[in-house]
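> What follows is a single structure, and I will ask about it in a moment.
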Amino acid sequence: MPWYRDGLRFGCIDCGGCCRTHGQDDEYAFVYLSGKDVDAICAHLGLERIDFLNQHCRHDRDGWVHLSRVKGDCNFLNAEGRCLIYSVRPRQCDAWPFWTENLDSARWHGPVKDCCPGIGRGRLYTAEEIDKIATDRDAWYDDDE
Ligand code: SF4
Ligand code: SF4
């Protein structure tokens, strides 16, 4: 059984912290996009793919596309700390904080908790729910590779 077998509490308070570069060595700096994310955001914004990629994205050397940032903040974070594309936000954002790499006790109680005041409050997610969110998110990006 995982260390979170009794579940984990999480309740977002809309502070926008996870939309800003954070963590040691800016380890949480990138919002990666799958092709499906790109399609959904383009449809939402009424932009052609090429225009969206040119205006809002950067490419990693390993081929991944990620959202560009403005002084460390996600390009789509507005001045009030709200996401401008919330209804079509990338799966990575939707799945936060239940990422596979975050489901390590030291990481969860360390850098994840440090940057996200929603950790430890709000709804209790069961271990099964948490695992499903994490594995669905992994598959979302794996399908794109
Ligand atoms: S850092 Fe946590 S509480 Fe703040 S917006 Fe992100 S998920 Fe919500
Ligand atoms: S896309 Fe939206 S939810 Fe995701 S990091 Fe940017 S502002 Fe935050």
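> Condition check: over 30 Å from Arg5 (Cα atoms) and touching a residue at least 24 places away in the same chain (Cβ under 8 Å). Does Cys83 satisfy that?
In short, yes.
> Something else about it: What are the residues in the range 130-145 that are within 16 Å of ligand 1 (Cβ to nearest atom) and out of contact with any Lys or Arg (no Cβ under 9 Å at 6 or more places or on another chain), if any?
Ile130, Ile133, Ala134, listed by residue number.
Every residue, every condition in (1) surrounded by 13 or more Cβ atoms within 10 Å (Cβ to Cβ); (2) among the charged types (D, E, K, R); (3) more than 17 Å from Gly17 (Cα to Cα), yes or no:
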site: Val31; (1), (2), (3): yes, no, no
site: Leu53; (1), (2), (3): yes, no, yes
site: Val65; (1), (2), (3): yes, no, yes
site: Lys71; (1), (2), (3): no, yes, no
site: Cys74; (1), (2), (3): yes, no, no
site: Ile85; (1), (2), (3): yes, no, no
site: Thr100; (1), (2), (3): yes, no, yes
site: Pro111; (1), (2), (3): yes, no, no
site: Ile119; (1), (2), (3): yes, no, no
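> Any residue at all in the range 108-124 that's acidic (Asp, Glu) and touching a Ser or Thr at 6+ places or on another chain (Cβ under 9 Å)?
Scanning the range 108-124 turns up no residue that is acidic (Asp, Glu) and touching a Ser or Thr at 6+ places or on another chain (Cβ under 9 Å).
> Does Phe10 satisfy the condition of being within 15 Å of ligand 1 (Cβ to nearest atom) and surrounded by 18 or more Cβ atoms within 10 Å (Cβ to Cβ)?
Yes, satisfied.
> Before we move on, is Arg91 in contact (Cβ under 8 Å) with a residue 60 or more places away in the chain and of a type outside the set (A, V, I, L, M, F, W, C)?
Answer is no for this residue.
> Restricting attention to the range 60-79, report how many residues are among the charged types (D, E, K, R) and in contact (Cβ under 8 Å) with a residue 40 or more places away in the chain.
2
> Give the residues of the range 86-129 that are touching a Pro at 6+ places or on another chain (Cβ under 8 Å) and away from ligand 1 (no atom under 14 Å from the Cβ), sorted by residue number.
Leu103, Ala127
Only the coordinates and a few stated rules stand behind these numbers; no lab work does. Just so it is clear, the structure is predicted and the values come from calculations on it, not from any experiment. Cβ: placed from backbone, ideal geometry, glycine included. Neighbour counts: every protein chain shown.
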